[in-house]
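Student: Got a structure for you, questions after.
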Amino acid sequence: MNIDSAGTDPNQPFLEKFPRNSSWEIASTLPALIPASPDNRTPIHIHVHHEAIRVAYDHVVDLVPKLLPPGNPLYPQPDIILHIGLAAGRNFFALEQGAHGRGFDKIPDVDGGRFPDAEAEKRFPSSKYPTALTTSFDTSDVLARWKANLSSASVEDVAEGNELPDVRISTDAGNFLCGFIYYNSLAHYFSIKGDYRPVAFMHVPDLSHDEAKQREGWDVAIGLIKALVESKRKNGAVSPMSTHNARDASQSDQVDDTTTQGT
């Protein structure tokens with residue numbers, strides 16, 4: 001499994017408040033390889049994008065098709081896309097179920113730009129794309145595997161009475177660049193394969209104040225990657241629920257782990 005990771009370049013006000021972007025700290029230090037093991041049936045190769053993604057709507061619109069297959073020359077092509085972003089107002093880790101394609105005209109990006117609904121309709125016409133898209137992973141299955149991975153990886157913490165990381169499913173990816181890049185990736189796959197959207201997004205809290213918490217976030221990311229791989233291996237990447245939601249909203253694997261930051 002190969003992972004292609006990219007992160008965002010924070011805007012100045014956000015940078016002043018959070019000078020260290022926990023999501024990028026995690027992504028940029030992911031290992032090049034997670035070896036095969038009894039609980040990880042296939043080796044996972046990780047490729048990290050060489051620089052942070054600029055927090056700008058137009059830049060993301062232009063970049064996403066180049067990061068994802070078939071525009072990405074990475075070979076073999078990624079089978080799973082994982083975005084990681086910062087949700088500084090939360091105190092838990094979240095697997096986002098999906099994202100909306102409208103509502104990105106409220107918060108200006110680093111260039112002062114916005115993405116009004118009229119522009120979104122031109123880029124993602126409602127006659128072709130649902131205005132909300134969900135991942136095609138079975139998120140309940142992934143969550144169960146994620147928690148199991150963290151439990152088995154944290155035996156010492158349990159023995160010492162420390163709580164395991166708080167990981168949850170979320171239905172709100174936000175209306176800034178996190179939700180925006182997630183929808184762009186989901187829509188990219190929707191335009192190619194419809195119900196097959198092997199894209200996931202993990203939001204992390206601000207961990208910059210504590211090196212131990214930052215390390216915990218790294219472990220949480222590794223646990224999620226393994227969970228996504230195993231869920232896809234056992235169940236595929238098209239769950240009946242994701243197919244239903246999308247319609248209502250009108251060997252060795254490779255993972256593309258694209259990291260972004262939001263508020």
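The values are calculated or read from the model by the stated rules, or taken from the named source; none is laboratory data. None of the values given here were measured: they were computed from a predicted structure. Virtual Cβ from ideal backbone geometry, glycine too; neighbours counted across all protein chains shown.
Student: Just give me the residues in the range 164-211 being over 24 Å from K226 (Cβ atoms) and of a type in the set (V, I, T), in sequence order.
Tutor: Selection gives I192 alone.
Student: Give the residues of the range 177-228 that are in contact with a strand residue (DSSP E or B) (Cβ under 8 Å, 6 or more places away or on another chain), part of a helix (DSSP H, G or I) and among the aromatic types (F, W, Y), sorted by residue number.
Tutor: Passing the criteria: F180, Y182, Y183, Y189, F190.
Student: Being touching a strand residue (DSSP E or B) at 6+ places or on another chain (Cβ under 7 Å) and modelled with pLDDT of 90 or more, is that true of even one residue in the range 254-263? Outline the logic, then answer.
Tutor: So the first thing to find is which residues in the range 254-263 are touching a strand residue (DSSP E or B) at 6+ places or on another chain (Cβ under 7 Å), and the list is 254-262.
Remaining after also requiring modelled with pLDDT of 90 or more: none.
Looking for residues that are touching a strand residue (DSSP E or B) at 6+ places or on another chain (Cβ under 7 Å) and modelled with pLDDT of 90 or more, one finds none in the range 254-263, hence no.
Student: Within the range 42-99, how many residues turn out to be assigned to a loop (DSSP other than H, G, I, E, B), over 17 Å from the mean Cα position of the chain (by Cα) and not small (G, A, S)? Show your work before the answer.
Tutor: Start the filter on the range 42-99 by keeping residues that are assigned to a loop (DSSP other than H, G, I, E, B), which leaves 42-43, 55-56, 68-79, 87-92, 97.
Restricting the remaining residues to those that are over 17 Å from the mean Cα position of the chain (by Cα) gives 42-43, 56, 70-77, 89, 91.
Subset that is not small (G, A, S): 42-43, 70, 72-77, 91.
Number satisfying all stated conditions: 10.
Student: Given the condition among the acidic types (D, E), assigned to a loop (DSSP other than H, G, I, E, B), modelled with pLDDT under 90 and over 29 Å from H50 (Cα atoms), answer yes or no: does some residue in the range 158-173 qualify?
Tutor: Yes: the range 158-173 contains one or more residues that are among the acidic types (D, E), assigned to a loop (DSSP other than H, G, I, E, B), modelled with pLDDT under 90 and over 29 Å from H50 (Cα atoms).
Student: Residue under question is T134, and the condition is that it be modelled with pLDDT of 90 or more and in contact with a strand residue (DSSP E or B) (Cβ under 7 Å, 6 or more places away or on another chain); does it hold?
Tutor: yes
Student: Still on this structure, please answer the following. Only residues in the range 54-68 that are basic (K, R) count as the first member; pair them with residues that are crowded, with 19+ Cβ neighbours inside 10 Å, Cβ under 9 angstrom, at least 6 apart or cross-chain, and list the lot.
Tutor: If the second residue must be crowded, with 19+ Cβ neighbours inside 10 Å, the pairs left are R54/T8; R54/V60; R54/L63; R54/D109; R54/V110.
Student: Same structure, new question: Search the range 181-197 for residues that are farther than 19 Å from L86 by Cα and charged (D, E, K, R) and pair each with any residue that is at pLDDT below 95 and not in a helix (DSSP H, G or I) when their beta-carbon atoms are under 6 Å apart and the residues are at least 6 apart or on different chains.
Tutor: Taking only residues 6 or more apart or on different chains, the pairs are D195/V238.
Student: Give just the number: which of (1) within 20 Å of L30 (Cα to Cα); (2) of a type outside the set (S, T, N, Q); (3) surrounded by 15 or more Cβ atoms within 10 Å (Cβ to Cβ) does L143 not satisfy?
Tutor: (1)
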